[in-house]
Amino acid sequence: MRSKSLALSGWGRFPQTKTAAFRPERMSEVAACLKSDGTMLARGAGRSYGDQALNSAGAVLLTERLDRFLGLETGDAPLLTVEAGVSWGRSSAC
């Protein structure tokens with residue numbers, strides 16, 4: 001899978017850094033992204049105020065397109081299984 005150079009920041013918009021970014025559409029594509037040279041950091045919605053989701057020395061795996069519901073177990077302790085890119089706003093659509 002090919003990366004794209006993106007300028008990323010958190011909500012505070014500082015710091016901002018350019019990094020190689022991978023944006024897989026399916027979980028099956030994640031393994032190909034992990035074969036890139038250097039370090040890889042998974043990035044969620046990018047809503048941190050600091051630099052937790054930045055990786056200027058490596059690459060970033062953008063997870064927002066990995067947003068599918070995978071399963072629901074009902075019972076005494078219900079369990080919803082989702083992909084890494086599901087956000088709280090998306091989960092309210094249940």
Which ranges mark the strands (runs of 3 or more DSSP E) fully within the chain that have 2 or more residues being without any contact (Cβ under 8 Å) to a residue 60 or more places away in the chain and surrounded by 15 or more Cβ atoms within 10 Å (Cβ to Cβ)?
4-9, 16-22, 40-43, 59-62
Within segment 44-94, tally of residues that are in contact with a strand residue (DSSP E or B) (Cβ under 6 Å, 6 or more places away or on another chain) and over 27 Å from F14 (Cβ atoms):
9
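Coordinate-derived values only; no laboratory data. Being a predicted model, the structure only gives us computed values, none of them experimental. All Cβ positions, even for glycine, are placed from backbone atoms using ideal geometry, and neighbour counts span all protein chains on display.
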